[in-house]
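Each remark here refers to the structure printed beneath this line.
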Amino acid sequence: MTTGVLALQGAFVLHIQALARLGEEVVEVRTLEELAAVDRLIIPGGESSVMAMMAERSGLMGQLRERISSGMPTLGTCAGAILLATEVLDGRAGQTSLGVLDISVRRNAFGRQVDSFSTQLELSVESLAPGSDPKARAPHSESITAVFIRAPAIVSTGDTVDVLARFEDEPVFVRQGSVIATTFHPELSDDDTVHQLFLDL
Amino acid sequence: MAPASNESSTGTQLVKRGFADMFRGGVIMDVVTPEQARIAEEAGACAVMALERVPADIRADGGVSRMSDPEMIQGIQEAVTIPVMAKARIGHFVEAQILQALKVDFIDESEVLTPADETHHIDKWKFSIPFVCGATNLGEAIRRISEGACLIRSKGEAGTGNIVEAVRHLRSITGDIRKLTQADSAELFDWAKKLQAPLPLVAEIAETGELPVPLFCAGGIATPADAALAMQLGAQAVFVGSGIFKSADPAPRAKAIVEATTHYMDADILAKVSRGLGAPMTGIGMDDLDLKLADRGW
């Protein structure tokens, strides 16, 4: 399995470092050729409007949509979750998204940087990790540090979307098939739980 | 059950430095009007820097240069959805307090404005908004980090359209970091003395081989090739000031600089995006400078 991180803009380097801690080698993806060479993908945090624009200019949108829809394991964090969503509220005029994860997101829902925060989240991991050891597969929850930076909110989820974690009753970590997405930044904490879940998809 | 919101923390180093990481691989553009801010956002800027005059005009006009009018900053905040940064004078902590009250996303304690304090920089630990500061060398970078800066940029020489100073500063910072990683424990004391920087941070950088905060390039970027040069020299993102809105045709140039910053290692793409952009800003040679902004800051 070759793991790629979309490197058009944003904190892609931190995802590469997190995966390196888990012993995973990662390639940066900026072109169609690089995308074709990976088996799973992380779409990092950063500026969602810039990433969408650069994906369009690099001709990546169509191929990303096709690969992810046809089952390529994918993790989107913050801006990455916005890029995956079927609906983006409060986007830049004309902002596009991949529409491969049945959620509606509102950009900058928590306000500006002064309102950015970190908190502890209870993460339900029962529906993940089918291939790993039975203990990890059994329903249980883990506490993780979650950093929310000018974060989006998931304002609605489709019927086939599972909510894996909530903050103040609102979904912040969701899964639909082989796609998982967080509105927080697992790459900013030393806790690699979310990255491990991604590798187990 | 989700934890209560009172367990959340805002304004921590984790949250502030983490925000700086989000600009990596992007372009932050100087804008002086809401209209320019919209052009920047359309072109793919990952943030805009709201200021009253771009450095080239500050240089031409002379006089004292200060924090922008809050009304102008708010106009820009309303015009775009991307983060908005603004500049405070070196040492002018009240301008910074005002910018924090305006909820700008990042404060640049900038040598481009006229310094308000000839000895002290702002104590940036006191703010919940993150700060970026300029540096010409590693010692200056570490002093700013010790004061609480969450992002370091090269100073370059703002408003000149000349990349030579930014290259000097980036090479000085990354070169000294490389040397530092080779130093033994006894030599680190001497390094701290020579850099005029606190030993714990010097030791940390010697250990990790990088600054504890991101390093961006600013000062003199005028072309897509300039942006890619900065990135290849180790900058993780770029600030473009006068280079865009002092050029003949700002929108396509802004767009090309964004693409060059993403694809900085791909010479074919760089060749493609560099074509037919019209005249860049004229630029100034270092020998013709009356005022060197990079000398401001201590």
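FYI, it's all coordinate maths here, none of it is from the lab. Bear in mind that the values here come from a model prediction, so they are computed numbers and not experimental data. Here the Cβ is made from the backbone with ideal geometry for all residues, glycine too, and neighbour counts use every protein chain on show.
Note on B:14, B:151, A:14: ascending count of other Cβ atoms within 10 Å places them as B:14, A:14, B:151, the fewest first.
For the protein assembly as shown, the Kirkwood estimate of the hydrodynamic radius, built from every pair of different alpha carbons, is 23.0 Å. Each of B:152, B:139, B:166 was placed along the dipole of the stretch B:136-207 (beta-carbon charges, centred on the mean Cα), and the one lying farthest toward the positive end is B:166.
With the simple spin-label model, which puts each label point 7 Å out from Cα in the Cβ direction, the residue A:66 to residue B:183 separation comes to 5.4 nm.
Do any GluC sites (Glu not before Pro) in the stretch B:92-158 lie in a DSSP loop with no more than 12 other beta carbon atoms within 10 Å, and if so, which? For GluC sites (Glu not before Pro) across the stretch B:92-158 that sit outside H, G, I, E and B with at most 12 neighbouring Cβ atoms in 10 Å, the list reads B:118. As a length-normalised measure over Cα pairs under 8 Å and 6 or more apart, the relative contact order of chain A settles at 20 percent.
Selection among B:273, A:53, A:156 by position relative to the dipole of the protein assembly as shown gives B:273 as farthest towards the positive end (Cβ unit charges, Cα centre). Tally Lys and Arg at +1 and Asp and Glu at -1 over the other residues with C-beta under 12 Å from the C-beta of residue A:143: what net charge comes out? Summing Lys/Arg as +1 and Asp/Glu as -1 gives -4.
Cross-link reach is defined here as a Cα-Cα straight distance under 27 Å, omitting same-chain residues fewer than 8 places apart; for residue B:87 the lysines meeting it are B:16, B:103, B:124, B:126, B:155, B:246, B:255, B:292.
The separation of the stretch B:176-197 from the stretch A:148-174, counted between C-alpha centres, amounts to 47 Å.
Note on residue A:178 and residue B:275: with the Förster distance fixed at 45 Å, the Cβ-Cβ geometry gives a FRET efficiency of about 0.65. Give me D for the stretch B:20-76 in µm² s⁻¹, whole number, from Stokes-Einstein with Rh from the Kirkwood sum over alpha-carbon pairs, 10 °C and 1.306 mPa s. Taking Rh from Cα pairs, D becomes 130 µm²/s.
Approximating the spin labels as points 7 Å out from Cα along Cα→Cβ, the residue A:193-to-residue B:78 distance works out to 4.3 nm. Considering only the other residues whose Cβ falls under 15 Å of the Cβ of residue A:60, what net charge follows from Lys and Arg at +1 and Asp and Glu at -1? Spelling it out: positives minus negatives among the neighbours equals -3. For the stretch B:161-218, the dipole from Cβ point charges (+1 on Lys and Arg, -1 on Asp and Glu) about the Cα centre works out to 240 debye, to the nearest 20. Placing +1 on the Cβ of every Lys and Arg and -1 on the Cβ of every Asp and Glu, with nothing else charged, gives the stretch B:253-298 a dipole about its Cα centre of roughly 240 debye. When the trypsin sites (Lys or Arg not before Pro) in the stretch B:92-172 are filtered for DSSP coil states and for at most 16 other beta-carbon atoms within 10 Å of their beta-carbon, the remaining sites are B:103.
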